[in-house]
Every structure is written in structure tokens, then in C-alpha cells.
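> Please read through the structure below; I'll follow up with questions.
All of the numbers you see were taken from the coordinates with simple rules; none came from a lab. Note that the coordinates shown come from a computational prediction; the quantities given were computed from them, not determined experimentally. Methodologically, a virtual Cβ is constructed for each residue, glycine included, from the backbone with ideal geometry; neighbour enumeration extends over all protein chains shown.
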Amino acid sequence: MVIGQEVVMSGVTARGTDGAPIGGANAGLQAKAIFNRIAAQLNAAGGDLCNVYKLVIYVTDMRFKDDINAMRAAAFQPLYPASTFVGVNGFAFPDLLVEIDAFANLAVNLHNAGA
């Protein structure tokens, strides 16, 4: 959803067109696919990942946190978006391990904010 300069993405998952999760049963690879999907949506809105200022990451098992954090660090550069991890019991599609909400503002560039 684009509202002025705000771009809001809710419930972004790694579910592929075939219904299977991109990355299989690997939470880190699912997160990588999600960050790629978020980047593509931002590009379509005229922005990129440097415009993301907040992430809410839902995960079915907190043991996946390090793998997801590694993919988040690979996708974003300092100054990183504010992030919250939330443990959940599951998602509508049981083979999904990660779901992410992303909040971006096309007028904000976190790469320049830390300078």
C-alpha cells in the first residue's frame, strides 16, 4: 500500500507461485526471499531498501533468529531499520516459517541518515 510517500507492506512471505515456500524449510532462505520481495515492491513504488525504517519479523521458532538476522544484515546497510522479532505459533500456510511487515518512506534514506 502506498500512501503519499509511505509504503506499507504487511504479511510478506516467501510463498512461491506454486504454493511452496521459496527457500524450503530454511528460515534464513525464506527471509532472504522475503527481503527480495520487499525490495521489488519498493522498486515498483520508486524506492529501495534504504527507505525502510521499520520491520516487524514474525517467526515460528526463535531458534531461527540468527539465520534471519544474517539475511537482514545482508539485505540492509547501516543505519539499519528498527526491527522487532515476534514469536508466533504458526501461519495460515504451515510450511512458512517467517512473515515480515515493512514500513518505508520514499523521502527517507537511512543510508544518509547516519552520516
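> Regarding residue 78, is this residue without any contact (Cβ under 8 Å) to a residue 40 or more places away in the chain and in contact with a His (Cβ under 9 Å, 6 or more places away or on another chain)?
Spelling it out, residue 78 is indeed without any contact (Cβ under 8 Å) to a residue 40 or more places away in the chain and in contact with a His (Cβ under 9 Å, 6 or more places away or on another chain).
> Would you be able to say whether some residue in region 60-69 is farther than 17 Å from residue 110 by Cβ, aliphatic (A, V, I, L, M) and without any contact (Cβ under 8 Å) to a residue 60 or more places away in the chain?
yes
> Limited to region 83-95, what total is found for residues that are more than 15 Å from residue 38 (Cβ to Cβ) and either in contact with a helix residue (DSSP H, G or I) (Cβ under 7 Å, 6 or more places away or on another chain) or among the small types (Gly, Ala, Ser) (or both)?
4
> Right, here's the next one. Looking only at region 86-103, which residues are within 17 Å of residue 12 (Cβ to Cβ) and more than 11 Å from the chain's Cα centre (by Cα)?
Listed by number, the residues that qualify are 86, 88, 90, 91, 92, 93, 95, 96, 97.
> Tell me which of these residue 46 doesn't satisfy, since it passes every other one: (1) closer than 20 Å to residue 8 by Cβ; (2) without any contact (Cβ under 8 Å) to a residue 40 or more places away in the chain; (3) of a type outside the set (Asp, Glu).
Exception for residue 46: condition (2).
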